[in-house]
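A.B. asks: Starting off with a structure, shown below.
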Amino acid sequence: MEENKEKKEELLSEEVSASENAEVLGNVEDSEIPLDQNVKLMSPMRMILRRFFRSKLSIAGLVMLAALFLFCWVGPLFYHVYSPTETDKNGVSYTTYDIVMEDGTVFKQIVVQKKDMNDLAPPSSKHVLGTDEQGMDIFTRLMYGGRLSLGLSFLTVFLVSALGIIMGGIAGFYGGVVDNIIMRLCDVLMCLPTLPLMLIIGTVLRANDVPGKYYIYLLMILLSLFSWTGMARLVRGQILYLREQEYMVAAEAMGFSAARKIFKHLIPNILPQIIVSMTLSLGSMILYESTLSYLGLGVQPPNASWGTMIEIISKRSDILQNNLNVWMPSGICIIIAVLGFNFIGDGLRDALDPKQRR
(Lines give C-alpha, C1' and ligand atoms only; values in the text may rest on other atoms or scores of the structure.)
Protein backbone atom coordinates (compact mmCIF):
# COMPACT_ATOMS: atom_id res chain seq x y z
CA MET A 1 0.00 0.00 0.00
CA GLU A 2 2.76 2.40 0.85
CA GLU A 3 4.46 1.68 -2.48
CA ASN A 4 1.23 2.47 -4.37
CA LYS A 5 0.93 5.78 -2.51
CA GLU A 6 4.51 6.74 -3.44
CA LYS A 7 3.83 5.93 -7.12
CA LYS A 8 0.67 8.05 -7.09
CA GLU A 9 2.57 10.97 -5.54
CA GLU A 10 5.29 10.70 -8.23
CA LEU A 11 2.68 10.66 -11.00
CA LEU A 12 0.94 13.68 -9.52
CA SER A 13 4.22 15.58 -9.24
CA GLU A 14 5.04 14.76 -12.88
CA GLU A 15 1.60 16.00 -13.98
CA VAL A 16 2.06 19.23 -12.01
CA SER A 17 5.52 19.86 -13.50
CA ALA A 18 4.20 19.14 -16.98
CA SER A 19 1.33 21.55 -16.50
CA GLU A 20 3.73 24.20 -15.19
CA ASN A 21 5.98 23.75 -18.23
CA ALA A 22 2.98 24.03 -20.53
CA GLU A 23 1.93 27.25 -18.83
CA VAL A 24 5.46 28.66 -19.16
CA LEU A 25 5.66 27.71 -22.82
CA GLY A 26 2.25 29.19 -23.42
CA ASN A 27 3.29 32.42 -21.80
CA VAL A 28 6.48 32.52 -23.88
CA GLU A 29 4.60 31.86 -27.11
CA ASP A 30 2.08 34.57 -26.27
CA SER A 31 4.83 37.05 -25.53
CA GLU A 32 6.83 38.96 -28.13
CA ILE A 33 10.14 37.39 -27.08
CA PRO A 34 11.38 34.74 -29.56
CA LEU A 35 12.20 31.29 -28.29
CA ASP A 36 15.73 31.33 -29.74
CA GLN A 37 16.75 34.67 -28.34
CA ASN A 38 19.78 33.14 -26.60
CA VAL A 39 20.79 31.01 -29.59
CA LYS A 40 23.24 32.84 -31.87
CA LEU A 41 23.66 31.16 -35.21
CA MET A 42 26.71 32.18 -37.24
CA SER A 43 27.44 31.26 -40.85
CA PRO A 44 30.83 29.73 -41.71
CA MET A 45 31.84 32.79 -43.72
CA ARG A 46 31.01 35.07 -40.81
CA MET A 47 33.05 32.88 -38.47
CA ILE A 48 36.02 33.05 -40.84
CA LEU A 49 35.80 36.82 -41.15
CA ARG A 50 35.44 37.18 -37.39
CA ARG A 51 38.58 35.13 -36.73
CA PHE A 52 40.45 36.92 -39.50
CA PHE A 53 39.70 40.44 -38.33
CA ARG A 54 40.37 39.49 -34.74
CA SER A 55 44.05 39.09 -35.63
CA LYS A 56 45.99 42.34 -35.36
CA LEU A 57 48.58 41.13 -37.88
CA SER A 58 45.86 40.49 -40.46
CA ILE A 59 44.54 44.02 -40.07
CA ALA A 60 48.08 45.39 -40.27
CA GLY A 61 48.64 43.46 -43.51
CA LEU A 62 45.42 44.79 -45.02
CA VAL A 63 46.37 48.35 -44.09
CA MET A 64 49.86 47.93 -45.61
CA LEU A 65 48.58 46.58 -48.91
CA ALA A 66 45.72 49.06 -49.14
CA ALA A 67 48.19 51.91 -48.64
CA LEU A 68 50.48 50.52 -51.36
CA PHE A 69 47.66 50.03 -53.87
CA LEU A 70 46.32 53.52 -53.23
CA PHE A 71 49.81 54.94 -53.58
CA CYS A 72 50.52 53.14 -56.87
CA TRP A 73 47.16 53.49 -58.61
CA VAL A 74 45.58 56.60 -57.09
CA GLY A 75 48.77 58.56 -56.37
CA PRO A 76 49.54 59.44 -60.03
CA LEU A 77 46.15 61.17 -60.24
CA PHE A 78 47.39 63.79 -57.79
CA TYR A 79 51.14 63.79 -58.51
CA HIS A 80 51.23 63.93 -62.29
CA VAL A 81 53.85 66.60 -62.92
CA TYR A 82 56.34 64.12 -64.33
CA SER A 83 56.11 60.92 -66.31
CA PRO A 84 58.16 57.95 -65.05
CA THR A 85 60.74 58.42 -67.85
CA GLU A 86 60.79 62.23 -68.01
CA THR A 87 63.93 64.23 -67.24
CA ASP A 88 64.51 67.93 -66.98
CA LYS A 89 66.16 69.77 -69.86
CA ASN A 90 69.89 69.35 -70.13
CA GLY A 91 72.12 72.20 -69.11
CA VAL A 92 75.57 73.19 -70.35
CA SER A 93 78.46 74.15 -68.09
CA TYR A 94 81.71 75.82 -69.17
CA THR A 95 85.12 75.32 -67.57
CA THR A 96 88.04 77.61 -68.51
CA TYR A 97 91.70 76.58 -68.27
CA ASP A 98 94.83 78.70 -68.81
CA ILE A 99 97.49 77.04 -70.92
CA VAL A 100 100.94 78.68 -70.76
CA MET A 101 103.33 77.95 -73.61
CA GLU A 102 107.15 77.89 -73.36
CA ASP A 103 107.47 81.36 -74.88
CA GLY A 104 105.05 82.78 -72.29
CA THR A 105 102.02 82.87 -74.52
CA VAL A 106 98.80 82.18 -72.62
CA PHE A 107 95.90 80.40 -74.26
CA LYS A 108 92.38 80.04 -72.91
CA GLN A 109 90.92 76.55 -73.19
CA ILE A 110 87.16 76.30 -72.73
CA VAL A 111 85.71 72.85 -71.98
CA VAL A 112 81.99 72.47 -72.65
CA GLN A 113 80.25 69.87 -70.46
CA LYS A 114 76.70 68.80 -71.14
CA LYS A 115 75.10 67.62 -67.95
CA ASP A 116 71.58 67.18 -66.64
CA MET A 117 70.91 69.96 -64.20
CA ASN A 118 68.97 67.65 -61.87
CA ASP A 119 71.13 64.52 -61.72
CA LEU A 120 70.86 63.12 -58.16
CA ALA A 121 68.98 66.18 -57.01
CA PRO A 122 68.00 66.17 -53.32
CA PRO A 123 64.34 66.13 -52.23
CA SER A 124 62.64 69.47 -52.84
CA SER A 125 59.26 70.98 -53.60
CA LYS A 126 59.84 70.24 -57.28
CA HIS A 127 60.94 66.63 -56.71
CA VAL A 128 59.45 65.16 -53.54
CA LEU A 129 62.01 62.37 -53.24
CA GLY A 130 64.65 63.92 -55.48
CA THR A 131 65.91 62.49 -58.75
CA ASP A 132 68.02 59.51 -59.74
CA GLU A 133 71.30 59.45 -61.66
CA GLN A 134 69.46 60.08 -64.92
CA GLY A 135 67.49 63.05 -63.61
CA MET A 136 64.15 61.21 -63.41
CA ASP A 137 61.73 61.90 -60.57
CA ILE A 138 61.99 59.12 -57.96
CA PHE A 139 58.52 59.63 -56.47
CA THR A 140 56.84 59.18 -59.86
CA ARG A 141 58.93 56.14 -60.74
CA LEU A 142 58.12 54.65 -57.34
CA MET A 143 54.38 54.77 -58.07
CA TYR A 144 54.59 53.39 -61.59
CA GLY A 145 57.21 50.85 -60.58
CA GLY A 146 54.85 49.57 -57.89
CA ARG A 147 52.17 49.00 -60.50
CA LEU A 148 54.52 46.78 -62.46
CA SER A 149 55.92 44.89 -59.46
CA LEU A 150 52.53 44.19 -57.88
CA GLY A 151 50.87 43.41 -61.22
CA LEU A 152 53.63 40.96 -62.16
CA SER A 153 53.38 39.18 -58.82
CA PHE A 154 49.61 38.68 -59.20
CA LEU A 155 49.98 37.50 -62.81
CA THR A 156 52.70 35.00 -61.96
CA VAL A 157 50.91 33.61 -58.90
CA PHE A 158 47.73 33.18 -60.96
CA LEU A 159 49.60 31.22 -63.65
CA VAL A 160 51.46 29.11 -61.09
CA SER A 161 48.25 28.32 -59.21
CA ALA A 162 46.32 27.47 -62.37
CA LEU A 163 49.02 25.04 -63.54
CA GLY A 164 49.40 23.53 -60.07
CA ILE A 165 45.66 23.02 -59.57
CA ILE A 166 45.22 21.38 -62.97
CA MET A 167 48.24 19.07 -62.73
CA GLY A 168 47.71 18.24 -59.06
CA GLY A 169 44.00 17.63 -59.56
CA ILE A 170 44.63 15.22 -62.43
CA ALA A 171 47.39 13.39 -60.53
CA GLY A 172 45.37 13.01 -57.34
CA PHE A 173 42.12 12.00 -59.03
CA TYR A 174 43.40 9.42 -61.53
CA GLY A 175 46.39 8.09 -59.60
CA GLY A 176 48.36 5.17 -60.97
CA VAL A 177 50.49 5.82 -64.03
CA VAL A 178 49.20 9.37 -64.49
CA ASP A 179 50.12 10.22 -60.90
CA ASN A 180 53.60 8.73 -61.27
CA ILE A 181 54.32 10.65 -64.48
CA ILE A 182 53.21 14.01 -63.07
CA MET A 183 55.03 13.50 -59.76
CA ARG A 184 58.27 12.50 -61.48
CA LEU A 185 57.96 15.62 -63.62
CA CYS A 186 57.60 17.62 -60.40
CA ASP A 187 60.73 15.98 -59.01
CA VAL A 188 62.72 16.93 -62.10
CA LEU A 189 61.52 20.54 -62.04
CA MET A 190 62.26 20.87 -58.32
CA CYS A 191 65.85 19.76 -58.93
CA LEU A 192 66.49 22.58 -61.39
CA PRO A 193 68.25 25.65 -59.90
CA THR A 194 65.80 28.45 -60.57
CA LEU A 195 68.06 31.49 -60.35
CA PRO A 196 70.88 30.20 -62.61
CA LEU A 197 68.23 29.01 -65.05
CA MET A 198 66.70 32.49 -65.13
CA LEU A 199 70.15 33.96 -65.78
CA ILE A 200 70.63 31.64 -68.76
CA ILE A 201 67.17 32.37 -70.15
CA GLY A 202 67.70 36.10 -69.65
CA THR A 203 70.97 35.97 -71.58
CA VAL A 204 69.26 34.10 -74.42
CA LEU A 205 66.45 36.67 -74.56
CA ARG A 206 68.92 39.54 -74.60
CA ALA A 207 70.96 37.89 -77.35
CA ASN A 208 67.82 37.62 -79.49
CA ASP A 209 67.08 41.36 -79.10
CA VAL A 210 63.83 40.91 -77.19
CA PRO A 211 62.32 44.36 -76.51
CA GLY A 212 63.02 45.54 -72.98
CA LYS A 213 59.35 46.36 -72.47
CA TYR A 214 58.39 42.67 -72.60
CA TYR A 215 61.59 41.30 -71.09
CA ILE A 216 60.39 40.82 -67.53
CA TYR A 217 56.99 39.48 -68.60
CA LEU A 218 58.60 36.67 -70.56
CA LEU A 219 60.91 35.86 -67.67
CA MET A 220 58.09 35.68 -65.13
CA ILE A 221 55.96 33.52 -67.44
CA LEU A 222 58.89 31.15 -67.85
CA LEU A 223 59.40 31.23 -64.10
CA SER A 224 55.78 30.13 -63.59
CA LEU A 225 56.42 27.09 -65.80
CA PHE A 226 59.03 25.90 -63.29
CA SER A 227 57.28 26.93 -60.05
CA TRP A 228 53.94 25.10 -60.11
CA THR A 229 55.25 21.95 -58.41
CA GLY A 230 54.52 23.08 -54.84
CA MET A 231 50.90 23.88 -55.60
CA ALA A 232 50.50 20.61 -57.51
CA ARG A 233 51.77 18.57 -54.55
CA LEU A 234 49.43 20.41 -52.17
CA VAL A 235 46.37 19.81 -54.38
CA ARG A 236 47.29 16.18 -55.03
CA GLY A 237 47.65 15.36 -51.35
CA GLN A 238 44.29 16.86 -50.47
CA ILE A 239 42.48 15.17 -53.36
CA LEU A 240 43.93 11.76 -52.45
CA TYR A 241 42.18 12.17 -49.10
CA LEU A 242 38.92 13.66 -50.34
CA ARG A 243 38.26 11.30 -53.24
CA GLU A 244 37.42 8.49 -50.78
CA GLN A 245 34.71 10.50 -49.01
CA GLU A 246 31.00 9.61 -49.19
CA TYR A 247 29.98 12.51 -51.42
CA MET A 248 32.52 11.39 -54.03
CA VAL A 249 31.04 7.90 -53.96
CA ALA A 250 27.64 9.49 -54.55
CA ALA A 251 29.03 11.56 -57.44
CA GLU A 252 30.47 8.37 -58.93
CA ALA A 253 27.10 6.63 -58.61
CA MET A 254 25.34 9.54 -60.35
CA GLY A 255 27.69 9.25 -63.32
CA PHE A 256 29.33 12.66 -63.15
CA SER A 257 32.25 13.29 -65.49
CA ALA A 258 35.82 13.41 -64.18
CA ALA A 259 36.14 17.14 -64.88
CA ARG A 260 32.96 17.87 -62.91
CA LYS A 261 34.06 15.75 -59.97
CA ILE A 262 37.48 17.43 -59.88
CA PHE A 263 36.54 21.07 -60.41
CA LYS A 264 32.99 21.03 -58.96
CA HIS A 265 33.39 18.82 -55.90
CA LEU A 266 37.08 18.34 -55.04
CA ILE A 267 38.75 21.68 -55.79
CA PRO A 268 36.13 23.80 -53.90
CA ASN A 269 36.78 21.69 -50.79
CA ILE A 270 40.50 22.51 -50.83
CA LEU A 271 39.99 26.14 -51.79
CA PRO A 272 41.03 27.45 -48.33
CA GLN A 273 44.46 25.81 -48.60
CA ILE A 274 44.86 27.12 -52.14
CA ILE A 275 43.99 30.69 -51.12
CA VAL A 276 46.49 30.64 -48.26
CA SER A 277 49.23 29.26 -50.49
CA MET A 278 48.55 31.87 -53.18
CA THR A 279 48.63 34.70 -50.66
CA LEU A 280 51.96 33.60 -49.23
CA SER A 281 53.38 33.17 -52.74
CA LEU A 282 52.68 36.80 -53.68
CA GLY A 283 55.46 38.06 -51.43
CA SER A 284 57.89 35.51 -52.86
CA MET A 285 57.13 36.61 -56.41
CA ILE A 286 57.83 40.25 -55.56
CA LEU A 287 61.22 39.16 -54.21
CA TYR A 288 61.84 37.14 -57.36
CA GLU A 289 61.11 40.14 -59.57
CA SER A 290 63.31 42.37 -57.42
CA THR A 291 66.16 39.86 -57.55
CA LEU A 292 65.98 39.53 -61.33
CA SER A 293 65.85 43.30 -61.74
CA TYR A 294 68.79 43.73 -59.35
CA LEU A 295 70.80 41.33 -61.51
CA GLY A 296 69.92 43.30 -64.64
CA LEU A 297 67.44 40.73 -65.95
CA GLY A 298 64.26 42.55 -65.02
CA VAL A 299 62.59 45.66 -66.34
CA GLN A 300 64.94 47.47 -68.66
CA PRO A 301 65.52 51.25 -68.36
CA PRO A 302 63.95 53.70 -68.76
CA ASN A 303 60.97 51.62 -67.51
CA ALA A 304 60.68 51.39 -63.76
CA SER A 305 60.05 48.73 -61.13
CA TRP A 306 61.00 48.53 -57.50
CA GLY A 307 63.79 46.08 -58.27
CA THR A 308 65.17 48.22 -61.09
CA MET A 309 65.35 51.25 -58.82
CA ILE A 310 67.60 49.30 -56.43
CA GLU A 311 69.82 47.99 -59.22
CA ILE A 312 71.86 51.21 -59.32
CA ILE A 313 73.53 50.47 -55.97
CA SER A 314 75.19 47.40 -57.49
CA LYS A 315 76.96 49.65 -60.00
CA ARG A 316 77.69 52.80 -58.04
CA SER A 317 78.81 52.54 -54.44
CA ASP A 318 78.77 56.32 -54.07
CA ILE A 319 74.98 56.35 -54.50
CA LEU A 320 74.68 53.56 -51.91
CA GLN A 321 76.53 55.67 -49.36
CA ASN A 322 75.50 59.23 -50.19
CA ASN A 323 72.08 59.11 -51.87
CA LEU A 324 69.70 57.13 -49.70
CA ASN A 325 66.71 58.79 -51.37
CA VAL A 326 67.53 57.03 -54.65
CA TRP A 327 67.21 53.41 -53.50
CA MET A 328 65.79 53.29 -49.97
CA PRO A 329 62.13 54.19 -50.83
CA SER A 330 61.80 51.27 -53.25
CA GLY A 331 63.41 48.93 -50.71
CA ILE A 332 60.91 50.06 -48.07
CA CYS A 333 58.01 49.44 -50.50
CA ILE A 334 59.26 45.90 -51.17
CA ILE A 335 59.50 45.18 -47.44
CA ILE A 336 55.99 46.54 -46.79
CA ALA A 337 54.50 44.50 -49.65
CA VAL A 338 56.15 41.23 -48.60
CA LEU A 339 55.22 41.70 -44.93
CA GLY A 340 51.65 42.64 -45.87
CA PHE A 341 51.12 39.52 -47.97
CA ASN A 342 52.68 37.30 -45.30
CA PHE A 343 50.54 38.81 -42.53
CA ILE A 344 47.37 38.28 -44.56
CA GLY A 345 48.43 34.73 -45.44
CA ASP A 346 49.02 33.86 -41.79
CA GLY A 347 45.68 35.39 -40.83
CA LEU A 348 43.83 33.42 -43.51
CA ARG A 349 45.56 30.21 -42.47
CA ASP A 350 44.38 30.64 -38.87
CA ALA A 351 40.89 31.80 -39.87
CA LEU A 352 40.30 28.92 -42.28
CA ASP A 353 41.53 26.28 -39.84
CA PRO A 354 38.46 24.17 -38.92
CA LYS A 355 40.08 23.26 -35.58
CA GLN A 356 40.35 26.91 -34.62
CA ARG A 357 37.60 27.59 -32.10
CA ARG A 358 38.75 30.87 -30.58
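A.B. asks: Based on what the data block shows, is residue 241 modelled with pLDDT of 80 or more and surrounded by fewer than 18 Cβ atoms within 10 Å (Cβ to Cβ)?
C.D. replies: So residue 241 fits the description; yes.
A.B. asks: Kindly indicate the residue of the stretch 188-205 that is free of Cβ contacts under 8 Å to residues at least 24 places away in the same chain and assigned to a helix (DSSP H, G or I) and also farthest from residue 295 (Cα to Cα) among those meeting that condition.
C.D. replies: The qualifying residue farthest from residue 295 (Cα to Cα) is 188.
A.B. asks: Can you tell me how many residues within the stretch 122-171 are outside any helix (DSSP H, G or I) and small (Gly, Ala, Ser)?
C.D. replies: 4
A.B. asks: Return the residues of the stretch 288-318 that are assigned to a loop (DSSP other than H, G, I, E, B) and either surrounded by 24 or more Cβ atoms within 10 Å (Cβ to Cβ) or within 19 Å of the chain's Cα centre (by Cα) (or both); say none if nothing qualifies.
C.D. replies: 298, 299, 304, 305
A.B. asks: Could you list all residues from the stretch 185-232 that are surrounded by 19 or more Cβ atoms within 10 Å (Cβ to Cβ) and under 30 Å from residue 266 (Cβ atoms)?
C.D. replies: Residues satisfying the conditions are 186, 220, 223, 224, 227, 228, 229, 231, 232.
A.B. asks: Against the conditions (1) surrounded by 13 or more Cβ atoms within 10 Å (Cβ to Cβ); (2) under 29 Å from the mean Cα position of the chain (by Cα), where does residue 248 fall short? Just the number, please.
C.D. replies: Among (1) surrounded by 13 or more Cβ atoms within 10 Å (Cβ to Cβ); (2) under 29 Å from the mean Cα position of the chain (by Cα), the lone unmet condition for residue 248 is (2).
A.B. asks: A further question on this structure: I'm checking my understanding of the structure. Among residues of the stretch 235-272 that are touching a Gly at 6+ places or on another chain (Cβ under 6 Å) and not β-branched (Val, Ile, Thr), which one is nearest to residue 179 (Cα to Cα)?
C.D. replies: Per the criteria, the residue is 236.
A.B. asks: Working only within the stretch 293-309, note down all residues that are at pLDDT below 80 and touching a helix residue (DSSP H, G or I) at 6+ places or on another chain (Cβ under 8 Å).
C.D. replies: 293, 294, 295, 296, 297, 298, 299, 300, 301, 303
A.B. asks: Do you know which residues across the stretch 162-184 are surrounded by fewer than 23 Cβ atoms within 10 Å (Cβ to Cβ) and of a type in the set (Gly, Ala, Ser)?
C.D. replies: 162, 175, 176
A.B. asks: Filtering the stretch 332-354 down to residues that are without any contact (Cβ under 8 Å) to a residue 24 or more places away in the chain and of a type outside the set (Asp, Glu), which residue is farthest from residue 51 (Cα to Cα)?
C.D. replies: Filtering the stretch 332-354 for residues that are without any contact (Cβ under 8 Å) to a residue 24 or more places away in the chain and of a type outside the set (Asp, Glu), the one farthest from residue 51 (Cα to Cα) comes out as 332.
A.B. asks: Checking the condition in a helix (DSSP H, G or I) and either surrounded by 10 or more Cβ atoms within 10 Å (Cβ to Cβ) or at pLDDT 85 or above (or both), which residue from 81, 63 passes?
C.D. replies: Unique residue meeting the criteria: 63.
The values are calculated or read from the model by the stated rules, or taken from the named source; none is laboratory data. All values reported here derive from a predicted model rather than from experimental measurement. With ideal geometry, Cβ positions are generated from the backbone for all residues, glycine too; neighbour counts draw on all protein chains shown.
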